[in-house]
Amino acid sequence: MMGSEITITTSSPDETKKLGEKLGRLLRDGDIICLYGELGAGKTSFTQGIAKGLNVEKAFITSPTFVLVNEYKGRLPLYHIDLYRLNNIAEIEDIGLSEYLKGKGVTVIEWAEKAEDLLPEERLSVYLENLGGDKRRLSFKAMGKRYEEIVAKIQM
Ligand SMILES: Nc1ncnc2c1ncn2[C@@H]1O[C@H](COP(=O)(O)OP(=O)(O)OP(=O)(O)O)[C@@H](O)[C@H]1O
Ligand SMILES: [Mg+2]
């Protein structure tokens, strides 16, 4: 669909965070953001920006690599999930992914491909690629009208 997919290249971690912040400011209860990309692509950096855009007070957001889910209080609750260490659907169901997805607040999922079968049809997917050095390419793909609106605003 027209305008539902955009690509932005950033040249520093800060630029990626700023872009995340812009997205964070647009988010509402129930929004789901799925992040894809190799180790070090910038998924957590982008999430730090989202947190800022949600007015999360905590300055330092780390990858929830060991706890799998980090919850933050902002103008909306933020659930930051990292599925990297999970290897099968049963494990992913065990962390209560569906509850987060159905619940209030914003859910951001790193390594979302691991949960593909559990994800709702409507969501925003962001694909991050390392272009070398400090360059990263972020491709936003909206699935559903709600997310098409968001993507259109990010492009502005
Ligand atoms: N333009 C950029 N955007 C984001 N990060 C960048 C950029 N340029 C360099 N970096 C560096 O790349 C790394 C990105 O790390 P980050 O933890 O955000 O990646 P990740 O995708 O979450 O990785 P993982 O899969 O291990 O969780 C950081 O060290 C950051 O400083
Ligand atoms: Mg990460």
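Read-outs: derived from the displayed coordinates by stated rules, not from any lab. Fair warning: this is a prediction, and the values are worked out from it, not measured in the lab. Quick reminder, even Gly has a Cβ in these numbers, built from the backbone with ideal geometry, and neighbours come from all protein chains shown.
Each Lys and Arg Cβ is given +1 and each Asp and Glu Cβ -1; about its Cα centre, the chain then shows a dipole of about 680 debye. What fraction of the DSSP beta bridges in region 5-155 is antiparallel, stated in percent and rounded to the nearest 5? Looking only at bridges with both residues in region 5-155, the antiparallel portion is about 60 percent.
Each Lys or Arg adds one and each Asp or Glu takes one away; over the other residues whose Cβ falls under 12 Å from the Cβ of residue 109, this sums to -2. Measuring nothing but how far apart in sequence close Cα pairs (under 8 Å, 6+ apart) lie, relative to its length, the chain scores a relative contact order of 34 percent.
Over the chain, DSSP H runs of length four or greater, each weighted -39,500 (n - 2.57), average out per residue to a 222 nm ellipticity of -9000 deg cm²/dmol. Top mean-square fluctuation among 42, 24, 144, Gaussian network model of the chain, C-alpha springs under 10 Å? So, out of 42, 24, 144, the one fluctuating most is 144. Applying a DSSP loop filter and a limit of 13 other Cβ atoms within 10 Å to the chymotrypsin sites (Phe, Trp or Tyr not before Pro) in region 37-99 leaves 60, 66. Of the cross-linked pairs 18/114; 102/135; 102/145; 73/135, those separated by over 29 Å at the C-alpha level are 102/135; 73/135.
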